[in-house]
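The values are calculated or read from the model by the stated rules, or taken from the named source; none is laboratory data. Keep in mind the model is a prediction, meaning the values are calculated, not measured. Counting neighbours? That spans all protein chains shown, and the Cβs are built from the backbone with ideal geometry, glycine included. Surface areas here come from the heavy atoms of the whole protein model, side chains and all, with no ligands, DNA or RNA. Shrake-Rupley method; radii C 1.70, N 1.55, O 1.52, S 1.80 Å.
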Amino acid sequence: MPVALLALAISAFGIGTTEFIINGLLPELAADFDVSIPAAGLLVSGYAAGVVIGAPLLTMAGARLPRKTMLLALMILFLAGNILSALAPSYGVLMAGRIAAAFSHGAFFGVGAVVAADLVKPAKRASALSVMFSGLSMANVLGVPAGTAIGQAFGWRATFWAVVAVAVVGLAGVAALVPSRPRPQEQSLLRELSIFRQGGVWLALTMTVFGFAPVFTVITFIAPMMTDVGGFSPGTVPVVMGLLGVGLVAGNLLGGRLADRAVLPAVYISVGTLTALSAIVAVAADNQPAFIAAIVLFGVAAFATIPPLQTWMLDSASQAPALASAANIGAFNLANTLGSLLAGLTIEAGHGYAAPAWIGMALGLAGLAVTGLVSLRIRHQALRADADQKHQKTAQPFASSGPANPATSDTSTTISEA
């Protein structure tokens, strides 16, 4: 794999740490700004909203820039957002810093995914994506625990300064290692936006939302699930979370390998396994050894979904890959919001801390159903293309025997893989 992917992974590590670290700092932030814990928690949902909104907007705004220049600009914005957060004199300013960083988040992963895929041969695109996204999974293993420890020892502002240091390294890496390429081919904004008129793009986005949503239905309230249902001691929670993080890293790399072989089957395997493990986590919640094994495997399945879902989106909108990729990052964050929201509502309804895992299973089944619709749509397109080709051969018996529709061979290849 090209060394440039390391620069993308380091940047992804810093961005992922910023996204998830706030959960470990809520008590300190609430006390410092004299707000309630739920109000401090809006810094999490505010960030997610910034990703969903900012990803397509900034990607479209920078569509005419060379992609390396775009990545550098996004990392500078990310730096500015975290510096503003570290210096924030008030809750409102901190929220502004979080949203600024979030705007760069979605667009960086969207453009970065296209750059990563272009750095390797087509057969290795998903593995290249998994290398870049490994920075995101490592953020859960190393960045969040380390950032929480720094915040508890030296104050929450120190955590943001640590993220700034990581971002500087990522910025320097992108500047030094990512090759310069010509800017994308000129095309109108309306032409790029036209991808959202394609049913396949909306199916891909929906597949991402429901296929990834089980992740946060399970892990959002994993700590009280462990202590209240499983009888774990509070000191055991970070250890199990660390094991979960190891599973996330392994799953991310595994998902890339599976998707390199065949993208849509990799979606079926990863989402199907995630769905089954959601139910197993619910059943095993009161059995400590079984729960630990189930949650580690759940982590593997959770991040194994990312490379195939992102690769499928790139395949679904090849005429505007950066915009489609950024929109899919927004879909991942929408999945996070949906999963955690439904988990919270389930617990508030009095069903207990293990019940959200059953909701995760239901969401996963919905994701599999959407994947089935994608398969049916591909098969229908292939049959229609084949019928058109036969019709043309019948109408023009002396025409060339080559394919009448250049897309036919690609569609057939996709079906054979599936």
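Only one entry in Gly50, Gly62, Gly41 is buried (at least 16 other Cβ atoms within 10 Å of the Cβ) and within 18 Å of the chain's Cα centre (by Cα), namely Gly50.
Applying the criterion of being at pLDDT below 70 and assigned to a loop (DSSP other than H, G, I, E, B) to the residues of the range 181-197, the residue that is farthest from Ala117 (Cα to Cα) is Ser188.
Taking the criterion of being modelled with pLDDT under 90, aliphatic (A, V, I, L, M) and surrounded by 15 or more Cβ atoms within 10 Å (Cβ to Cβ), the residues of the range 202-240 that qualify are Val218, Ile219, Ile222, Ala223, Met225, Met226, Val237, Val240.
The residues listed here are Ala39, Ala31, Ala55, Ala61; of these, the one that is of a type in the set (Gly, Ala, Ser) and touching a Gly at 6+ places or on another chain (Cβ under 6 Å) is Ala55.
One residue alone among Ala123, Ala149, Ala116 is open to solvent by 10 Å² or more (accessible area, probe 1.4 Å) and closer than 23 Å to Ser180 by Cα, and that residue is Ala123.
When the helices (runs of 4 or more DSSP H) confined to the range 278-354 are screened for residues that are under 23 Å from the mean Cα position of the chain (by Cα), at pLDDT below 85 and closer than 24 Å to Met207 by Cβ, those reaching at least 3 such residues are found at 306-316, 321-348.
Evaluated against (1) open to solvent by 20 Å² or more (accessible area, probe 1.4 Å); (2) at pLDDT below 90; (3) in a helix (DSSP H, G or I), Ala362 falls short on exactly one condition, (2). Of the residues examined, Thr18 is one that is of a type in the set (Val, Ile, Thr), crowded, with 19+ Cβ neighbours inside 10 Å and either closer than 22 Å to Ala167 by Cβ or within 21 Å of the chain's Cα centre (by Cα) (or both). Number of residues in the range 92-136 that are without any contact (Cβ under 8 Å) to a residue 60 or more places away in the chain and among the aromatic types (Phe, Trp, Tyr): the value is 1.
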